[in-house]
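Remarks on the structure that follows.
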Amino acid sequence: MRRWLAAALVLACLSARPALADGTPGVGVPRVLALPAPGRYLITLSVYPQTPRVGRIAVLLVGVEHASSGRPFRGGMELILRQPEVGPRPVPLQRVAPGEYQGQYLAQGRPGTAGVSLELFPAAGGPVRVRGSFPQEGWDLPPWAVGTVAGLTAAMLAGWAVRHRRERSQGA
């Protein structure tokens, strides 16, 4: 009985994935990009996890402040994501603090480089456009595959245990 429990715990640990408090994937150190906006703004883009995997949710955090005063940006903004083999798609951003915005997206397409276009709409002056990019990893095992492998392994072990018991009882 203890062996079954140990095997179940090992399988559970192998299939566990770290997550943030709200259930989105990607703990650890983010990939942080400094996007150049000539002289007007300091823009940082943080990507969780560092290298998003195709088929998984990734979180983008955008921080914007005025370069001269350090005050948070208060205008509007639009973020467009370009993934390999997927056309440009807007990522809805939500303001989480003054000058800080968060959005999430499902990594799609194939491995490669995902491009980001950020357009700021300040109250005074014309729009400011900046671009950046980050890598995107390939396919990961779907969650059902881990469950299927674990189920088949458990069934095989149960069959082996029944057969082993029968052989021992017939031999004694």
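Here are a few things to note about the model shown:
- Yes/no for GLY103 being touching a strand residue (DSSP E or B) at 6+ places or on another chain (Cβ under 7 Å) and either of a type in the set (Gly, Ala, Ser) or modelled with pLDDT of 90 or more (or both): yes
- Residue in region 18-32 that is modelled with pLDDT under 85, outside any loop (DSSP other than H, G, I, E, B) and in contact with a helix residue (DSSP H, G or I) (Cβ under 8 Å, 6 or more places away or on another chain) present: no
- For beta carbons closer than 9 Å, sequence separation of 6+ or different chains, a first residue in region 123-138 that is within 16 Å of GLY63 (Cα to Cα) and a second that is among the acidic types (Asp, Glu), the qualifying pairs are VAL128/GLU119; ARG129/GLU119; VAL130/GLU119.
- Each residue in region 106-124 was checked for being within 30 Å of GLY39 (Cβ to Cβ), modelled with pLDDT of 85 or more and not in a strand (DSSP E or B), and 1 pass.
- The residues in region 40-67 that are modelled with pLDDT of 85 or more and within 20 Å of ARG129 (Cβ to Cβ) can be counted, and the count is 15.
- Yes/no for GLU65 being in contact with a Lys or Arg (Cβ under 7 Å, 6 or more places away or on another chain) and charged (D, E, K, R): yes
- Every residue from region 73-85 that is in a strand (DSSP E or B) and either without any contact (Cβ under 8 Å) to a residue 12 or more places away in the chain or closer than 16 Å to LEU35 by Cβ (or both): MET77, GLU78, LEU79, ILE80, LEU81, ARG82
The values are calculated or read from the model by the stated rules, or taken from the named source; none is laboratory data. Here the structure is a predicted model, which is why all the values come from computation and not from measurement. FYI the Cβ positions are ideal-geometry reconstructions off the backbone, even for glycines, and counts take in every protein chain you see.
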